[in-house]
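Asks: Have a look at the structure that comes next, please.
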Amino acid sequence: FRITKNQTADDFLIYDADDPAIKDWLKEHPVNAKLIPFSIEKEVNEGAFLKEDILVIKLNKEQFTMSISNLRLQGKHNVKNTMAGALASQLLNVRSQSIKDSLANFEGAEHRLENVQKVNGVQFINDSKATNVNATFYALECMEQPTVWIVGGVDKGNDYEDLLPLVREKVKAIVCLGEDNEKLKAVFYNVVDMMIETAGAEEAVKVAYKLSQTGDTVLLSPACASFDLFENYEDRGRQFKNAVRSL
């Protein structure tokens, strides 16, 4: 929050009003900038919020709305990112229609919840950039169909317990992609119907495809670093995509 010390009354602080740490800090540390909150949990007088499935942006007595179904990037965390970006754009006097068009057509980063392709009705998603539990949490949260989850690599002291509710709700099978999967097996072995270890991207994709059926999603979201079997997460993602395209 050091940046707030250099802000004046002519500046703005766009912040997540759902984050308890931020809310507590603001209560104890008055700032000079004008506060612009965004929230997916409640309506705000000025800022951004959700009203059912409608994104509402209210600034300077003006308002525009957009259905979240029209957003190119799905998931709660992306809705929050969208709110922050839309508010900043509004403050810079970007036209509302231009903001809507950008949000509807935005191309996400490679290896981050990247839709690769569908094979016989099975959607393959490359989230190789998810090298920690937090990133994978958001990826699993986005899944709306039964999911075969490809996970594993170099564990960085991960606590996988936080993923258990999402795995129970959304994951039908787990495909391990790493040299040491003992920690993953200890947490998830009794949670899913099927858990299989593989030794490379091509094998992982083939196994995941066999475990899936039309309407399912195969998600590569490793929650781990890639250096046991790959050069880096980009190499892991590229090998995953090449394997999907070879099915």
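The values are calculated or read from the model by the stated rules, or taken from the named source; none is laboratory data. Only a predicted model underlies this, so the values are computations on that prediction, with no experimental measurement involved. Virtual Cβ from ideal backbone geometry, glycine too; neighbours counted across all protein chains shown.
Asks: What are the residues in segment 12-25 that are in a helix (DSSP H, G or I) and either buried (at least 17 other Cβ atoms within 10 Å of the Cβ) or in contact (Cβ under 8 Å) with a residue 12 or more places away in the chain (or both), if any? Give the derivation first.
Replies: Quick first cut of segment 12-25, residues in a helix (DSSP H, G or I) only: 20-25.
Trp25, the sole residue that qualifies.
Asks: If you don't mind, another one. Residue check, Gln239 against (1) touching a helix residue (DSSP H, G or I) at 6+ places or on another chain (Cβ under 6 Å); (2) under 13 Å from Val151 (Cβ atoms), all met but one. Which one?
Replies: Gln239 satisfies all of (1) touching a helix residue (DSSP H, G or I) at 6+ places or on another chain (Cβ under 6 Å); (2) under 13 Å from Val151 (Cβ atoms) except (2).
Asks: Filter segment 213-247 for residues that are out of contact with any Asp or Glu (no Cβ under 9 Å at 6 or more places or on another chain), crowded, with 19+ Cβ neighbours inside 10 Å and outside any helix (DSSP H, G or I) and give the result.
Replies: Passing the criteria: Asp216, Val218, Phe230.
Asks: Moving on. Going through Gly47, Gly108, Gly121 one at a time, which residue ends up being more than 20 Å from Val151 (Cβ to Cβ) and in contact with a Ser or Thr (Cβ under 7 Å, 6 or more places away or on another chain)?
Replies: None of the others qualify; the one that does is Gly121.
Asks: Can you tell me which condition Met83 does not meet? The list is (1) part of a helix (DSSP H, G or I); (2) in contact with a Phe, Trp or Tyr (Cβ under 8 Å, 6 or more places away or on another chain); (3) surrounded by fewer than 18 Cβ atoms within 10 Å (Cβ to Cβ), and all the others hold.
Replies: Among (1) part of a helix (DSSP H, G or I); (2) in contact with a Phe, Trp or Tyr (Cβ under 8 Å, 6 or more places away or on another chain); (3) surrounded by fewer than 18 Cβ atoms within 10 Å (Cβ to Cβ), the lone unmet condition for Met83 is (3).
Asks: Further question on the same structure: Check off (1) touching a residue at least 24 places away in the same chain (Cβ under 8 Å); (2) not in a helix (DSSP H, G or I) for His77 and give me the number that stays unchecked.
Replies: (2)
Asks: Taking the conditions exactly as written (closer than 25 Å to Phe230 by Cα, small (Gly, Ala, Ser) and in contact with a helix residue (DSSP H, G or I) (Cβ under 8 Å, 6 or more places away or on another chain)), does Gly200 satisfy them or not? Step through it out loud before you land on a result.
Replies: Numbers: closer than 25 Å to Phe230 by Cα: yes; small (Gly, Ala, Ser): yes; in contact with a helix residue (DSSP H, G or I) (Cβ under 8 Å, 6 or more places away or on another chain): yes.
Against the criterion (closer than 25 Å to Phe230 by Cα, small (Gly, Ala, Ser) and in contact with a helix residue (DSSP H, G or I) (Cβ under 8 Å, 6 or more places away or on another chain)), Gly200 qualifies.
Asks: Just to be sure, is Leu71 surrounded by 15 or more Cβ atoms within 10 Å (Cβ to Cβ), assigned by TED's automatic domain parsing to the domain that holds Thr8 and hydrophobic (A, V, I, L, M, F, W, C)?
Replies: Yes, satisfied.
Asks: Among the residues of segment 113-149, count how many are surrounded by 19 or more Cβ atoms within 10 Å (Cβ to Cβ) and assigned to a loop (DSSP other than H, G, I, E, B).
Replies: 7
Asks: Something else: Determine the pairs where a residue that is under 9 Å from Thr8 (Cα atoms) and in a loop (DSSP other than H, G, I, E, B), located within segment 26-39, has a partner that is aromatic (Phe, Trp, Tyr) and modelled with pLDDT of 95 or more with Cβ atoms under 7 Å apart, the partner being 6 or more residues away or on another chain.
Replies: Short answer, once both residue conditions are applied: Ala33/Phe12.
Asks: Looking at this structure, is Asp127 among the charged types (D, E, K, R), in contact with a strand residue (DSSP E or B) (Cβ under 8 Å, 6 or more places away or on another chain), closer than 18 Å to Thr198 by Cβ and assigned by TED's automatic domain parsing to the domain that holds Leu220? Please lay out each step first, then the result.
Replies: Values: among the charged types (D, E, K, R): yes; in contact with a strand residue (DSSP E or B) (Cβ under 8 Å, 6 or more places away or on another chain): yes; closer than 18 Å to Thr198 by Cβ: yes; assigned by TED's automatic domain parsing to the domain that holds Leu220: yes.
The answer is yes for Asp127.
Asks: May I ask you to say which residue of Lys210, Lys156 is surrounded by fewer than 21 Cβ atoms within 10 Å (Cβ to Cβ), of a type in the set (Lys, Arg), assigned to a helix (DSSP H, G or I) and out of contact with any helix residue (DSSP H, G or I) (no Cβ under 6 Å at 6 or more places or on another chain)?
Replies: Answer to the selection: Lys210.
Asks: For segment 62-69, indicate whether the set of residues that are within 26 Å of Leu166 (Cα to Cα), over 20 Å from the mean Cα position of the chain (by Cα) and of a type in the set (Val, Ile, Thr) is non-empty.
Replies: No - not one qualifying residue is present in segment 62-69.
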